[in-house]
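The structure appears right after this line, and notes come after that.
Just so it is clear, none of the values below were taken in a lab; they were calculated from the coordinates. The model shown is predicted, which means the values in this text are computed figures rather than measured ones. Positions of Cβ are backbone-derived with ideal geometry, glycine not excepted, and every protein chain shown enters the neighbour counts.
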Amino acid sequence: MAMDVAERIHEQLTRCGITLAASLPDDWVAPLIERIAADNHIRHVRVAREAEAVAICSGAFFGGVRAVALMGATGLLTCTGELATLNLRHQIPVFLIVSQRGSIDDHRIYQEVQGRRTIPLLQAYDFPYHIIDRADDVASIPDAFETCRMQKRPFVLFLTRRLVKGEGAS
Amino acid sequence: MRAREAIDVLARQRGGAVAVCALGMAANEWWAATKSEDSFYMHGAMGFAASFALGLALSLPHVPVWLINADGSLCMNLGCLLTEASQAARNLKHFVVDNGVYQTVGGLPMVNGGRTDYAAIARAAGFPRARTIEALDELERQIPAITAEEGPSLTVLRVDPEKGFLRTPPMTYEGPEMKYRFGRALERRLGIEVFGPQGY
């Protein structure tokens, strides 16, 4: 991820009032995670499985703390059961930042399955999402966060390859 | 030691702790013992009550948070112990009701047939304090010190499995009502804001 993009996203998360982040990295979101980890105003929790991040953010909600879960698209698929039986069942908002792996410019064979199935899966669950493809759309993060609170359910903010790697990156 | 007896001891010693309960037996018994709305009773996400409790404990560092977990739930994600140990939340206490079976579905045996030492696993994960308690009088003797000690700690309560289904009924509310009762209870008790001015 280009450092200016990570910096912009971090800045917007701070604007949202986020003081807790739970993460399990993939390589696209790793620079953002390390930037957040270095911020003394955000409690950063490294987890062993992505659903832990979901549940940690859900518990933090009841402590009155604004939180974000960061992960890759494969990790998002692993926690759909918890997102349904915890967050959907109890209407607990959880804000997730996820790399949109498996896009047409992501030439990793092990990401192919995630590419065409992830969004239909979110639609089946009726989980809202927003795709950030360009740096000037990063400023929409506070709106996305507020929508997550209002919708009272998981909200996925996808980061595209073009955004995190830059135009024409190999 | 029976599960109900162990839970009753915890309930009497709870003080001001906010509780998070794993779904099934742990949640139902805690509800039967406390009828408390400042407790969160999981209805799903088996294996992740520990993570929910950790998020709560990190968000409310001056409030004692008790996790009433069960062996079946803990085994769904033993990795939670690494995360808990790494965060070292001093206000978090983790109790595991270990009956060696999936009681809620009729008492079918757990994986590894009662050979697992969860306290040893917790210590190996980095918990500074972890122990197993097998008898009720031992629990009654130790619980004041456990309550007073600094977290994170893990206490395994080894209890006898019940025959067949445990008939303790679940709490009388669920879903979104659980969210609002729990959140409003914390707002009243702690003076925090969980929901915004428009109620969401």
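Calculate the mean, over all residues of peptide B:38-47, of how many other protein chain Cβ atoms lie within 10 angstrom of the residue's Cβ.
Details: counts 0, 0, 4, 0, 5, 4, 10, 14, 4, 6.
Average per residue, whole number: 5.
Positive end of the dipole of chain B, charges at C-beta (+1 Lys, Arg; -1 Asp, Glu), about the Cα centre: which of B:Gly196, B:Ala32, B:Gly55 has its Cα farthest in that direction?
B:Gly196
For labels at B:Ala124 and B:Ile192 in the simple 7 Å Cα→Cβ model, what's the distance in nm?
Here the modelled spin labels are 3.4 nm apart.
Amide H of B:Thr132 versus every other amide H placed in the peptide plane: which residues, excluding those fewer than 5 positions away on the same chain, fall under 5 Å?
For B:Thr132, whose amide H was placed from the backbone, the distant partners under 5 Å are B:Val156.
Only sites in a loop by DSSP and with at most 12 other Cβ atoms within 10 Å count here; which trypsin sites (Lys or Arg not before Pro) in segment A:34-136 make the cut?
Values: sites: A:Arg35, A:Arg43, A:Arg46, A:Arg49, A:Arg66, A:Arg89, A:Arg101, A:Arg108, A:Arg116, A:Arg117, A:Arg134; in loops: A:Arg49, A:Arg101, A:Arg108, A:Arg134.
Passing both the DSSP loop test and the Cβ count: A:Arg108, A:Arg134.
Run the quick spin-label model on A:Gln123 and A:His41: label points 7 Å from Cα toward the beta carbon, then report their separation in nm to one decimal.
With each label placed 7 Å out from Cα toward Cβ, I get 3.9 nm.
Tally Lys/Arg at +1 and Asp/Glu at -1 over every other residue whose Cβ is under 12 Å from the Cβ of B:Ile133; what's the total?
Local net charge: -3.
Sort B:11-19, B:59-67 by packing, meaning the average of other beta carbons within 10 Å per residue, with the highest value first.
Descending packing order for the listed peptides: B:59-67, B:11-19.
Evaluate the charge dipole of chain B about its Cα centre and quote only its size in Debye, nearest 20, assuming +1 on the Cβ of each Lys and Arg and -1 on the Cβ of each Asp and Glu.
On the way: 20 positive and 21 negative charges, 31 e Å.
Here the size comes out at about 160 debye.
For segment A:122-146 and segment B:79-109, what is the centre-to-centre distance using only Cα atoms, to the nearest Å?
35
Can you give the translational diffusion coefficient of chain B in µm²/s, computed by Stokes-Einstein from the Kirkwood radius over Cα pairs at 20 °C and 1.002 mPa s?
So the translational diffusion coefficient is about 127 µm²/s.
For peptide A:60-71, how many partner chain Cβ atoms fall within 10 Å of a residue's Cβ, on average?
That average works out to 6.
With Cβ to Cβ distances under 15 Å as the rule, what net charge do the other residues near A:Met71 carry (K, R +1; D, E -1)?
On the way: positive: A:Arg46, A:Arg49, A:Arg101; negative: A:Asp26, A:Asp27, A:Glu34, A:Glu50, A:Glu52, A:Glu82.
Summing Lys/Arg as +1 and Asp/Glu as -1 gives -3.
Based only on the alpha carbon positions, what is the Kirkwood hydrodynamic radius of segment A:3-165, in angstrom?
Details: mean 1/r = 0.0649 Å⁻¹.
So the Kirkwood estimate lands at 15.4 Å.
Positive end of the charge dipole of segment B:3-190 (Lys, Arg +1 and Asp, Glu -1 on Cβ, about the Cα centre): tell me which of B:Gln142, B:Ala22, B:Leu157 has its Cα farthest that way.
Value: B:Ala22.
Would you mind telling me the antiparallel percentage of the DSSP bridges in segment B:3-190, rounded to 5?
Close to 10 percent.
Using a 10 Å cut-off around each Cβ of peptide A:80-89, what is the average number of partner chain Cβ atoms that fall inside?
Working: counts 0, 5, 8, 2, 2, 7, 10, 3, 2, 9.
Averaged over the peptide's residues, the number is 5.
Using the count of nearby Cβ atoms within 10 Å as a rough guide to exposure, how do B:Thr155, A:Thr74, B:Thr172 rank from fewest to most? Could the numbers behind the result be given before it?
Numbers: B:Thr155 24, A:Thr74 19, B:Thr172 8.
With the fewest neighbours first, B:Thr155, A:Thr74, B:Thr172 line up as B:Thr172, A:Thr74, B:Thr155.
Using the Cα atoms as the points, what is the convex hull volume per residue of the protein assembly as shown in Å³?
Expressed per residue, the convex hull around the Cα atoms of the protein assembly as shown is 134 Å³.
Using unit Cβ charges (K, R positive; D, E negative) and no other charged atoms, how large, in debye to the nearest 20, is the dipole of the protein assembly as shown about its Cα centre?
420
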